[in-house]
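Working notes, beginning with the structure itself.
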Amino acid sequence: MRAIFDVLQGGIAFSADIDHELALSRVADTPAATDVLTPREFEILRMLLAESSTEDIAEILHLSPKTVANTRYLIKAKLGAASDIELVLVALRQGILGESRGMAEDASQRAQSRAQPKAWQDN
């Protein structure tokens, strides 16, 4: 009945099987990050997913913040993500997000050790 109502309203109706296949094909159309990103882009993606700021990434990788911001834009373009939220969804679908969680602690510890006076680091 729902399909008839949708068609009468000017919409399109699909069976559950076709709807499922269309949804899968849409996910499959997203290129694999490991196939389209350079190693540096993939490293920056993992750091972004680990909640590292642009400034922290720039400092850790010895890049300018502008270079990191440009790379973020390129990553989104290569993966077909229009926003940061879409980028996270792509990472979730491709299993990248789980790999990045440990990096957040590492980046945070490095940033904290740089911020502490030298005398504190020796203790």
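A short reminder: the numbers here are calculations on the coordinates, not readings from a lab. All values reported here derive from a predicted model rather than from experimental measurement. Positions of Cβ are generated from backbone atoms using ideal geometry, with glycine treated the same way; all protein chains shown enter the neighbour counts.
Please work out the FRET efficiency for the pair Tyr73 and Phe42, using the Cβ-Cβ distance as r and a Förster radius of 25 Å; give the result to the nearest 0.05.
Rounded to the nearest 0.05, the efficiency is 0.95.
So between Ser64 and Gln9, what do we pick up on full extension, going 0.36 nm a residue minus the alpha carbon distance? Let's see the in-between values first.
Numbers: separation 55, 0.36 × 55 = 19.80 nm, distance 5.34 nm.
The span from Ser64 to Gln9 would gain 14.5 nm if fully extended.
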